[in-house]
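Trainee: Before we start, here is the structure in question, set down as structure tokens.
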Amino acid sequence: MSDTEEPKPALDAMSARPLYMQLADVIAGKIASGELAPDRPIPSENHLSDEYGVARLTARRAAQELRERGLIVTVRGKGSFVVEEQPASAPDEGEPNS
């Protein structure tokens with residue numbers, strides 16, 4: 001084990017919360033802390049599945065969840081990137097329809 005590696009948060013397979021949501025929360029935490037910087041790529045689905053011991057489809061669903069939260073954007077052929085400006089955490093989303 002390397003001294004430079006931080007212990008990664010463990011995902012709880014026995015939890016009622018789906019693994020993809022747990023993984024999305026871990027990545028969202030890294031974005032919020034600045035560990036994953038704006039306009040920089042997040043780890044690939046293959047890397048996430050290897051690192052966290054989940055299926056590639058679980059990592060793909062976590063990325064989809066992060067896109068839905070507005071935290072990442074995916075560019076075909078390039079990967080997924082942290083958005084430049086984080087969405088507001090205000091309870092009302094967007095402007096009302098007139």
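The values are calculated or read from the model by the stated rules, or taken from the named source; none is laboratory data. This structure is a prediction, so every number in the text was calculated from the model and none was measured. In case anyone asks, the SASA skips ligands and DNA or RNA and just uses the protein heavy atoms, side chains included. Shrake-Rupley method; radii C 1.70, N 1.55, O 1.52, S 1.80 Å.
Trainee: Express the accessible area of region 38-79 per residue in Å², computed with a 1.4 Å probe while the remaining protein chains stay in the model.
Mentor: Details: 2680 Å² over 42 residues.
Ligands and nucleic acids excluded, the figure is 64 Å² per residue.
Trainee: Going by amide H atoms built from the backbone, whose H comes under 5 Å of the H on ILE72, apart from near neighbours?
Mentor: The answer is ARG67, VAL83.
Trainee: Taking amide H positions as placed 1.01 Å from N in the peptide plane, with prolines and chain starts having none, which residues 5 or more places from GLY79, or on another chain, fall under 5 Å of its amide H?
Mentor: none
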